[in-house]
1. Report every pair of residues separated by at least 6 positions or lying on different chains whose Cβ atoms are under 6 Å apart, first residue within region 317-328 and without any contact (Cβ under 8 Å) to a residue 60 or more places away in the chain, second outside any loop (DSSP other than H, G, I, E, B).
2. I'd like the full set of residues that are part of a loop (DSSP other than H, G, I, E, B) and crowded, with 21+ Cβ neighbours inside 10 Å, limited to region 105-125.
3. Here is a check on your reading of the model: is SER96 surrounded by 12 or more Cβ atoms within 10 Å (Cβ to Cβ), modelled with pLDDT under 95, within 25 Å of GLY281 (Cβ to Cβ) and not hydrophobic (A, V, I, L, M, F, W, C)?
4. Hey, could you check region 288-305 for residues that are assigned to a loop (DSSP other than H, G, I, E, B), hydrophobic (A, V, I, L, M, F, W, C) and under 25 Å from GLY52 (Cβ atoms) and say which is nearest to the chain's Cα centre (by Cα)?
5. Regarding LYS123, is this residue among the basic types (Lys, Arg) and either over 30 Å from GLY280 (Cα atoms) or free of Cβ contacts under 8 Å to residues at least 24 places away in the same chain (or both)?
6. For region 211-223, what are the residues that are at pLDDT 95 or above and either closer than 19 Å to GLN50 by Cβ or crowded, with 24+ Cβ neighbours inside 10 Å (or both)?
7. What single numbered condition from (1) buried (at least 16 other Cβ atoms within 10 Å of the Cβ); (2) closer than 22 Å to ASN129 by Cβ fails to hold for VAL43?
8. Scan region 311-322 residue by residue and report those that are part of a loop (DSSP other than H, G, I, E, B) and either surrounded by 13 or more Cβ atoms within 10 Å (Cβ to Cβ) or touching a helix residue (DSSP H, G or I) at 6+ places or on another chain (Cβ under 8 Å) (or both).
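The values are calculated or read from the model by the stated rules, or taken from the named source; none is laboratory data. Just so it is clear, the model here is predicted, and its values are computed rather than measured. Here the Cβ is made from the backbone with ideal geometry for all residues, glycine too, and neighbour counts use every protein chain on show.
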Amino acid sequence: MKNRAKWNPALWVAGLALVFLAFAGDASAADKPKAALLANHTVNDAGFGQAGYLGINAMKNGGFDTTLVENLKSPDLEATARDFASRGYSIVFGHSFEFQAHFFKVAPDYPKTKFIVTKGAPKPTTPDNLLIIDIKEHQPAFVLGVLAAHLTKTKKVSAIAGFHYGTIIRIMEAFRDGVASVDPSIEVKIAYAGTWMDPVKGKEIALAHIGEGADVVYAHASVTSLGIIEAAKEKGVMAYGSVLDQNSIAPETVVAGSIYDFPSMFLNVGKSVKDGSFKGGSVSYGMAEGVVDVTPLYAAAKQLPADVQDKIKKLRADIISGKFVVKEIRKRRDK
């Protein structure tokens, strides 16, 4: 679960206002099944975008001819998906919930292509060649909330996300519940930046929360998170990273976080397509499946008393076993 690899693109090709990262293949590339990852953000964000890159790169190493398209704009999502399907790609990943509605339109027209939404909302029915993957990010968020309640000295903590749609609200509210499960009197400040791509905005919000007393700041906002972590570092408070282990960004500041194992998830999808076992529909992957987890504890978190660390370990084990179920709350409670 420790995805520390750095983004290191081998080749950029510009065309039609899109940036393509094509992974070099060998002479037998024409015989390999093709997989494309479509992303509406950058893949050098040290977070969700890079996690997608790690996933598609694992498929390259797993015998697929792979292509990545990043920074797609909303009007181009459907057309780009159709383009890859029409060129005979076996798998087209949409690396954001935003692809879901578009894939519902495209999938029926290209039954030989498997369309995967890597972070969507489950639906009761889908086309046979469309798989929606729901990632239970709220599970590690609850654990991080419990940890934050033990770390804070000011009894004020912060969580900052990119947008306030259901699956992201679910993360923030689980974090709130984790804090409250330890001490309901701790104030939890939650904000939505309205962007994944603006570290300046993230830093501005984080500085405001820190100025109001927050001494633990949870960043879940892709590139925007980098500004949040920078603010925490400047002010000497603790931060959580998300999606990848972001401790290396600020080793004394980022004391914990959430992590995703997208390489394993992507490889499992690729295997199911290769062996003919692929099934469309909706699936939910969480800590029990090893797709999400919490990072090791670093810096100040690592110095917590042994009984607190044991409590965190037990909570993690109980979530994995199903003994403890983290509530899913998709509506904001701060309005």
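1. So the pair list comes out as PHE324/ASP318.
2. THR113, THR118, LYS119, GLY120
3. So SER96 passes the test.
4. VAL291
5. Judged against the criteria, LYS123 is not a match.
6. Residues satisfying the conditions are ALA214, VAL216, VAL217, TYR218, ALA219, HIS220.
7. (2)
8. none
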